[in-house]
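Engineer: Sharing a structure here in structure tokens format.
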Amino acid sequence: MSDERLRRWRLVLGGERADGTGASLTGDDARMDGALERLYGAGDREEGRPRPGRRGAGLGDSAPSVARWLGDIREYFPSTVVQVMQKDAIERLDLTRLLTEPEMLEAVEPDVHLVGTLLSLNRVLPDRAREAARAVVRKVTGDLERRLAARTRSAAGGALDRAARVSRPRRLADVDWDRTIRANLRHYLPEHGTIVPERMVGYGRRRDGVERDVVLAVDQSGSMAASVVYASVFGAALASLRALRTSLVVFDTAVADLTDQLHDPVEVLFGARLGGGTDINRAVAYCQGLITRPADTILVLVSDLYEGGDRDEMLQRAAALTASGVRVVVLLALSDEGAPSYDHDTAAALAALGVPAFACTPDAFPDLMAAAIERRDLTEWTSRASPG
């Protein structure tokens, strides 16, 4: 085995006598191993890496010590690995309390999971840590906006344009010649070098006002933290389109309407309250009160469907909304975290009512909204696009 492979196995196995590598580490490798040991090597020591299986305070309990450790892992590991190690440190070593320390927040690598943790601590953050927490949240939401907002506006705007097409344009100036030619290629007459257009495709006369209403209802129970973060960014992007009237509602056992804060995702997130129970029925009832044009409304419910309220009444409301013409979509998760945990029975009951329920990655959400605006078959769309 090459020296490089032995070195890598030594870092993975931790240097116990039974690791079989016989390799020793120096310099940056030793410091990298030390950073891993402090997180993943908690337990009683013999020699080398501590014995596995017993939890210990591997990072100590002082914020400066943790801040130094965070600096070390950012130096020795890529940002994607740093984010995983931070998440593991919070869960394995109970570092939640230390996230209220400004020096700790200044050292972390901002990511969606960290934002979720900070939001769950929102009510207990001391004043001296609140500004540092806001800076972390603003950086993450800013990065997400740069990555996702333009695509969302483009996809939704394009869908609104396509939804306004007409099959019988009244004036020659209203004919979309590119689409008309493509729609009639089978009627090409080679002997005349021309196409006989049996079907015309034209531009509809877009109204100056609102063309679609979008209601985002987001479960803010603890398990949905990443979904809340992404929903705030998407809500802000959709609200920037004049042809859409966008509302954002977050809920646990109570309901909060954050529509007036959609101009700033950071304000939305600090207006949310992660944790607590879940009353989906109450949230859907509130959303019903917002809907004035059912045939032009899309209701996106983001929830794992673990209902703490009246499940039967919630299903009745979903059926009534669908029957009235509202396009209802349930996202079991809006995140990159893989297959979510959710209430399978409730999801199946909604599907039987014609309400699709599926997980959606942030990258797929713009296309989902385009499909919903165009009133395409979402069951077919989900079979191609949904990871869950």
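The values are calculated or read from the model by the stated rules, or taken from the named source; none is laboratory data. Just so it is clear, the structure is predicted and the values come from calculations on it, not from any experiment. As a convention, Cβ positions derive from the backbone with ideal geometry for all residues, glycine included, and neighbour counts pool all protein chains shown. The area values use the complete protein model at the heavy-atom level, side chains included, leaving out ligands, DNA and RNA. Shrake-Rupley method; radii C 1.70, N 1.55, O 1.52, S 1.80 Å.
Engineer: Among the residues of region 357-369, write down those that are in a helix (DSSP H, G or I), among the aliphatic types (A, V, I, L, M) and either free of Cβ contacts under 8 Å to residues at least 60 places away in the same chain or farther than 17 Å from Val215 by Cβ (or both).
Structural biologist: Ala364, Leu368
Engineer: Collect the residues in region 357-381 that are farther than 20 Å from Ser223 by Cβ and open to solvent by 20 Å² or more (accessible area, probe 1.4 Å), keeping them in residue-number order.
Structural biologist: Selection gives Asp363, Asp367, Glu374, Arg375, Arg376, Asp377, Thr379, Glu380.
Okay, residues lined up against (1) within 23 Å of Leu119 (Cα to Cα); (2) in a strand (DSSP E or B); (3) not aromatic (Phe, Trp, Tyr):
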| site | (1), (2), (3) |
| --- | --- |
| Ser247 | yes, yes, yes |
| Thr253 | yes, no, yes |
| Asp260 | yes, no, yes |
| His263 | yes, no, yes |
| Leu269 | yes, no, yes |
| Arg273 | yes, no, yes |
| Gly276 | yes, no, yes |
| Asn281 | no, no, yes |
| Cys287 | no, no, yes |
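Engineer: Turning to a different aspect of this structure: Kindly evaluate Asp296 against the criterion of being within 21 Å of Ser227 (Cβ to Cβ), among the acidic types (Asp, Glu) and touching a residue at least 24 places away in the same chain (Cβ under 8 Å).
Structural biologist: No.
Engineer: Filter region 299-319 down to the residues that are more than 18 Å from Val249 (Cα to Cα) and touching a residue at least 24 places away in the same chain (Cβ under 8 Å) and list them by number.
Structural biologist: Answer for region 299-319, where residues must be more than 18 Å from Val249 (Cα to Cα) and touching a residue at least 24 places away in the same chain (Cβ under 8 Å): Asp310, Arg311, Glu313, Leu315, Ala319.
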